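K.L.:
Supplied in structure tokens, the structure appears directly below.
Values quoted throughout were computed directly from the atomic coordinates according to the rules given, and no laboratory measurement underlies them. Just so it is clear, the model here is predicted, and its values are computed rather than measured. Note that we place each Cβ from the backbone using ideal geometry, even for glycine, and neighbour counts take in every protein chain shown.
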């Protein structure tokens, strides 16, 4: 279960950094160029192709919303879809940002589609995606420049929806699979580590995530205490 929690937690944290980087770019530049600049930053940092439909910023309140946000895999995985996110909304702590801390007060993520892709060599896109999201090593590495050096301190409230997950086999299309996960407005609070998403892996296992290659494990069954015996 920990493998999936680590994987999904890195995705959430990466998305948060991307959106806040977008806000920083808008603050120091011009909002009308933010989409083009952000797409260029994501492309350079991850090797994946981004597509942002629309962006809106809060003027008086620190919030950013991306609509119709898509990320496509690299050429090694056929340039296929990785994420289709109709809405990614983030509200953040402006004072924490001044301290170089990334504190998300509210995050709503609506994932319409997530694709696990296996290329012709048998490798899946999961590990390269995670590698592209890791913090840069000292002296170089990939990074979204405006958020380099910012410390992630947590998400107070996460509203998560996941529609469908696909397994795409570029070598043998007959092995392609699709599962309707159907998670709608699942609430998580005070997320600071992977442990705070402890039940998500189990939910996805039950809903068929294992069938499409997500690194999920069955839910942990809690031991039920035996009833106390009456004293004679």
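K.L.:
Once label points are set 7 Å from the Cα along Cα→Cβ at both residue 101 and residue 172, what is their separation, rounded to one decimal in nm?
P.N.:
5.2 nm
K.L.:
A further question follows. Whole angstrom only: what separates the Cα centroid of region 47-76 from the Cα centroid of region 99-119?
P.N.:
Rounded to whole Å, the Cα centres lie 11 Å apart.
K.L.:
For a protection proxy built on the mean count of beta-carbon atoms within 10 angstrom, sort 95-108, 205-218 highest first, please. Walk me through the numbers on the way to the answer.
P.N.:
Details: 95-108: 16.1, 205-218: 18.3.
Per-residue Cβ counts within 10 Å, averaged per peptide and sorted highest first, yield 205-218, 95-108.
K.L.:
Taking the number of other C-beta atoms within 10 Å as the exposure measure, put 196, 121 in order starting with the fewest. Don't jump to the answer; show the numbers that get you there.
P.N.:
Working: 196 17, 121 8.
Ordered by Cβ neighbours within 10 Å, fewest first: 121, 196.
K.L.:
If you don't mind, there's one more thing I want to ask. Between residue 68 and residue 153, how many nm apart are label points set 7 Å from Cα along the C-beta direction?
P.N.:
3.6 nm
K.L.:
If you don't mind, another one. Rounded, prolate or oblate: pick one for region 55-95, where a ≥ b ≥ c are the square roots of the eigenvalues of its C-alpha gyration tensor, a/c under 1.5 means rounded, and failing that, prolate if a/b is larger than b/c, else oblate.
P.N.:
On the way: a/c = 4.37, a/b = 2.92, b/c = 1.50.
Note, shape of region 55-95 comes out prolate.
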